[in-house]
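Worksheet for the structure shown next.
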Amino acid sequence: MRNLLLATVTGLSFGLFASAAHAQDTGFYVRGSVGSSNINDSIAPLIDDSDTGFGLGLGWRVLPWLAVETGYNDFGEFVFAPFVCPPGRFCPAQVFLPAEGNLDSLELGLAARTTLGDSGFFGQARGGLHRADGELSGTSTELYYGIGVGYTFSRRYSLSVNLDRYEFKSFDVDRIGVGFEFAF
């Protein structure tokens, strides 16, 4: 049900962006972002649930309002405290041993953008799949999605603030960050 709702909202968002298409160039761009990554919905207690994360990517604006993107994300290093009971021992009290690991992923998805009036400000929505490979998460292919607002300084440069969610097997990572885009 949750994935159906997400697909419906994403489809409607792309449709709204299509109806508001503007005279933005098509072509390639590179993007970078840095921000705070926070884990939520964890199955294990967290000692440290936030860290600085970054992302690097390449996009191709196939239509003035739609782009195909690929990129790499490093969400940072997190410390879990999973319950551990040594083999053959009775453990009436829970024993927590810290486990530390880095989370990162590769992504492939779509990004839609529309201007907000004639001011240079824009809104954007993005979503797709990311392949996570982390010491704490294992390897899996999951969804990511996000929204953002930004300002276009020229045909080549733009700056944005984004809120993205990356789903993992047993938890999600939310990242709020500042992004920079350079178009060719």
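Throughout, read-outs are computed from the coordinates displayed, never taken from laboratory work. Just so it is clear, the model here is predicted, and its values are computed rather than measured. Cβ atoms come from the backbone with ideal geometry, glycine included; neighbour counts cover every protein chain shown.
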*Quick one: if you stick a label point 7 Å off each Cα along the C-beta vector at VAL149 and VAL79, how many nm between them?*
3.7
_Taking 0.36 nm per residue of sequence separation and subtracting the Cα-Cα distance, how much length would be gained by fully extending the chain between ARG131 and ILE176, in nm to one decimal?_
14.2 nm
*For the pair VAL30 and LEU163, how long in nm is the line joining their label points, each one 7 Å along Cα→Cβ?*
3.0
*Quick one: which residues, 5+ away or cross-chain, put their amide H under 5 Å from the amide H of PHE168? H built at 1.01 Å from N.*
VAL173
*Between LEU116 and PHE184, 0.36 nm times their residue separation minus their Cα-Cα distance comes to what?*
22.2 nm
*Length gain on complete extension for the stretch ASN102 to LEU63, per 0.36 nm per residue less the alpha carbon to alpha carbon distance?*
10.5 nm
